[in-house]
Every structure is written in structure tokens, then in C-alpha cells.
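Have a look at the structure below, then the notes.
The values are calculated or read from the model by the stated rules, or taken from the named source; none is laboratory data. Being a predicted model, the structure only gives us computed values, none of them experimental. With ideal geometry, Cβ positions are generated from the backbone for all residues, glycine too; neighbour counts draw on all protein chains shown.
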Amino acid sequence: MDVKQKYWNPVLETLPQEKIRQLQLKKFKQIFRWTYDHSKFHRQLYEQAGIKPDDIRSFEDIRQVPKVEKAMMRDIQRKDPFPYGDALCVPLEDVAVFRQTSGTTGQPVYQPDTWQDWEWWAECWSYILWAQGYRPQDRVFIPFGYNIFVAFWAGHYAAEKIGCEVVPGGVLDTKARILKIEELQATAMMGTPTYILGMAETAKSKMGIDPSKLTIERITCAGECGASIPSTKKRMEQAWGAKVYDHAGATEIGAWSFECTEQPGGLHVNEALFLVEVEDVETGEIIEEPARRGKMIITAFDRQAQPCVRFDSKDVIEWADEPCACGRTTRLIEGGVVGRADDITKVKGVLLAPSAIEEVVRSLDGLGDEYEVVVEKVGDTDHIKLRVEVLPESEDQCQLIEAELVDQLRLKTNLRYDIEICGCETLPRYEVKAKRFKDLRKQE
Ligand SMILES: [Zn+2]
């Protein structure tokens, strides 16, 4: 691989859109046929809908293919062939890797991959890392607890595949990881926004180390929306003196998107490997135009053991208006994944995306990184309580900060909040993915 090469795959990343669409149609037909022929679960679903492989001739036909929801996958699992159940398309002995979803929305879903699937994962991540400036001279530190969650495993293998030097930061604690980054002069790392900010806080407050003076030049974030939220990205970039890039992916789907070094304020969809459709949540119509939000329905063209065909991801996204300045011809998702369809909830009749609250909290200078949102019903009325932490040097400005918060939140979300300003380090800290948004109305 020529290190001066701009794209990981110069052909696929610069295909004209109409050629990409032709390729997508061809590849959808292939994965549909594979799934129909090999998965009992999918075949039953498609037979009920009266759709056979030869029926698929256009994107309009694709829209008639039934969607698969996470709950359906949950139901077929823990059965024969154990533990994956009827969507398994290969003999059990071909399964090379077990992963499972994190289970934040219910019982975890198991994900089998063959060796070929696993190589495909690393290939998907190679597009991401190359687009974010990773090159063979990079020393990549991965501060991730390697376990049953897919998280940064494929990032690790892709960094090796590209030719970087990889330092697995496995079971080390946060302080040991920071010391290792310092000792080895690592140039890049990967983590959730919550953990990247938490590491910086530990370095500064507990070790007297300024992370921006370390050698990290680029950080790849995943697992949460934060790196696409401008104020959160800015906090991470300032803390580490590094460029921060977003990536969105999922265990059941694969690594389908990435931000490039142009930082266009959104994510490229890797359209040569995935078909992304945006569905209007109310009408079910597929949205092709920019600036209209819907939930993502996604197909992975090349994953074989347990395929992902028109999977209802519940990620809320919208198409961007303009192509990216980097020259890639694949479409952009504006502002990244803005939330989960389940989290985007109506409060007092107004649609509220938690990411909008994060954007406001982290844009104010006197506040720390942590916050907590609780939505509850008091009598018949919805109440939103927002807890934030004030930084020690700003404690005398609490009233000003509160007024600014209320103003900004009303502007960005059209809602009123009860604000509680807490002392530094009083709110819960999270190691990997944070749970900062609590809707108590859903538990009643
Ligand atoms: Zn780009």
C-alpha cells in the first residue's frame, strides 16, 4: 500500500453515484439469495411476504422486503443450532468468532462470524482508519477491555492490516494506560467519547499530566454519538491536542460509516459495502432527499454467517445536502447518528433528541463533561430535570451559567428544564458507554 494514496480503495470510494447504485442493486440481490437459500428464519419471513430472489429487480422491489428487528433475532436465539438459532447460514463448525450486543436495550443478541466475515470486518475498518489519516508509521494504542463485545476488536485488526503498530491496552487501568501512551509515544487511539474525556480528566486531576502535551494526533470514537456533537468533539480535541473522528457501527451490522479528515460535520456511508435506507418513522416512506430525519434500515452485502438484510437499526439519521470535499463519492449522513428512535421521545408533545442537550451542556465553559437527564411525569405533566457539574473555578458564576443553560436549551430544544447545578465529580462516571438519559415514564 502506497502511504501517499488518499483512499483505502480508490476505485470503490470514487465511483460515480449511479455506478454505486448499480453495484448496490447487484449486491443486494446476491445477499438476498444467499439469505433466502441458507437461513430458515429469513426464508420463512420472505415466504410469508411472497417475495423470492428473482422478484428483486429494482430499489422499489427492495423496499418490499420485510425488515428484521432486533427483537426477532432475540427470539430465535438460544435454540438449535445452539446458540444462534435459525438465522445461521453456515455449518456451526465454520463459525470462527462469537460476539454479542451490549444488551443496553434488552437481552443481548449473539453474533456468529466466519473467518471470512471476520476478515470483512477488518476490511470495513481499514476504510475508516485510512480515511482518518492512519498510516503504517502510526503507533496505535487501544484502551479497550477486549471481551465479548465487538467494540474496537475490528479496529485493532484493521490497524494491523494497514500496517500500523498496535498496542493493546486491554486490562490496564486508566492511569497505566496513560503512562503507556506517554512511554511509547503513541500517535493514535480509539475509544468511546465518554472514556476519552474520562481519561483526560484522570490524567489532569489525578496524575498532573496534561494530555494535550502527549503525542496522540488522532482519535477514533465509536459507541456513542459524541464525536459528531460539535461541543463534545471540541472538548476532546482540546483536551488531547488531537483530531477526533467519529465512526458508527454495530455488532449485528458491521462498520458501516466513518468521518474523514475533512471533518465535514457528518459520516460517510460506505456504500460499496452497505445499503443504507432512511425510513420516515410515521409513514414508513423511504426518504431520499436531504435534511429529513428518519430511522436507518441497513443491509450488509458481504456478511455471511448471520446476515444483516434490511435490519431496522433504530438509528436516527438524515442525508446531507452536499458531497464531501475529500472527493469520496459516497453519501454523507448529516451530523452523524443523532440518536436512537427509542430515545427520541416526545416531551410535552415536542420531539426531544438527547444529543441536543449534550451539545448545549458541553458548549458552556463553566461546566464539566458529565450531565444527567431525567424525564418524569409529575401529575399529568412531563418534567425534565437536568443535572450538571460546575467546575471549581466557576462556582461563583452558578446563576449566570444556569440562566445561559435555560436560554440555550429553550432555543435548541423548545423545552423548559429544572436545572440542578452539582459540585465537581458528584455525578456518576462511566467506563465505556454512558447512561445519561433516563425516561422514568417508560418504566411506569
Ligand atoms: Zn469526506
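Just one of (1) within 16 Å of the ligand (Cβ to nearest atom); (2) in contact with a Ser or Thr (Cβ under 7 Å, 6 or more places away or on another chain) fails for Val309. It is (1). The residue that is farthest from the chain's Cα centre (by Cα), among those in segment 200-214 that are of a type in the set (A, V, I, L, M, F, W, C) and assigned to a loop (DSSP other than H, G, I, E, B), is Ile209.
Condition check ((1) buried (at least 22 other Cβ atoms within 10 Å of the Cβ); (2) of a type outside the set (Ser, Thr, Tyr); (3) under 30 Å from Lys377 (Cα atoms)) across all residues:
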| position | (1), (2), (3) |
| --- | --- |
| Ala272 | no, yes, no |
| Ile287 | no, yes, no |
| Arg293 | no, yes, yes |
| Ile298 | yes, yes, no |
| Asp343 | no, yes, yes |
| Leu351 | no, yes, yes |
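What number of residues in segment 136-176 are charged (D, E, K, R) and out of contact with any helix residue (DSSP H, G or I) (no Cβ under 7 Å at 6 or more places or on another chain)? Don't jump to the end; show me each part of the working.
At the first step, the residues of segment 136-176 found to be charged (D, E, K, R) are 138-139, 160-161, 165, 173, 175.
If we keep only those that are out of contact with any helix residue (DSSP H, G or I) (no Cβ under 7 Å at 6 or more places or on another chain) as well, we get 138, 160, 165, 173.
Here the count works out to 4.
To keep it simple, each residue is scored yes or no on (1) within 16 Å of the ligand (Cβ to nearest atom); (2) assigned by TED's automatic domain parsing to the domain that holds Cys89; (3) touching a Ser or Thr at 6+ places or on another chain (Cβ under 6 Å); (4) under 23 Å from Val11 (Cβ atoms).
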{"position": "Trp256", "(1), (2), (3), (4)": "yes, yes, no, yes"}
{"position": "Arg292", "(1), (2), (3), (4)": "no, yes, no, no"}
{"position": "Ala305", "(1), (2), (3), (4)": "no, yes, yes, no"}
{"position": "Ala325", "(1), (2), (3), (4)": "yes, yes, no, yes"}
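Show me the strands (runs of 3 or more DSSP E) entirely contained within segment 215-326 in which 1 or more residues are within 13 Å of Pro193 (Cβ to Cβ). Write out each step before concluding.
Numbers: elements: 218-221, 243-246, 266-269, 274-279, 294-300, 311-317.
Counting at least 1 such residues, we get 218-221, 243-246.
From Ser355, Ser394, grab the single residue that is away from the ligand (no atom under 16 Å from the Cβ), small (Gly, Ala, Ser) and under 30 Å from Ile142 (Cβ atoms). Of the residues listed, the single one that is away from the ligand (no atom under 16 Å from the Cβ), small (Gly, Ala, Ser) and under 30 Å from Ile142 (Cβ atoms) is Ser355.
Counting only residues that are within 11 Å of the ligand (Cβ to nearest atom) and among the charged types (D, E, K, R), segment 258-277 holds 2 of them.
Per-residue answers, yes or no, for (1) closer than 29 Å to Leu400 by Cα; (2) modelled with pLDDT under 90; (3) in contact with a His (Cβ under 7 Å, 6 or more places away or on another chain):
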| residue | (1), (2), (3) |
| --- | --- |
| Ile333 | no, no, no |
| Val337 | no, no, no |
| Ala341 | no, yes, no |
| Leu351 | yes, yes, no |
| Ser355 | yes, yes, no |
| Val361 | yes, no, no |
| Gly366 | yes, no, no |
| Asp369 | yes, no, no |
| Glu372 | yes, no, no |
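Being surrounded by fewer than 24 Cβ atoms within 10 Å (Cβ to Cβ), away from the ligand (no atom under 16 Å from the Cβ) and under 19 Å from Ala341 (Cβ atoms) is a property that Asp280 has.
List, please: which pairs have Cβ atoms under 7 Å, are six or more places apart or on different chains, and start with a residue in segment 414-438 that is at negative phi and end with one that is small (Gly, Ala, Ser)? The qualifying pairs are Cys424/Gly368; Arg429/Gly198; Val432/Gly223; Lys433/Ser102; Lys433/Gly223.
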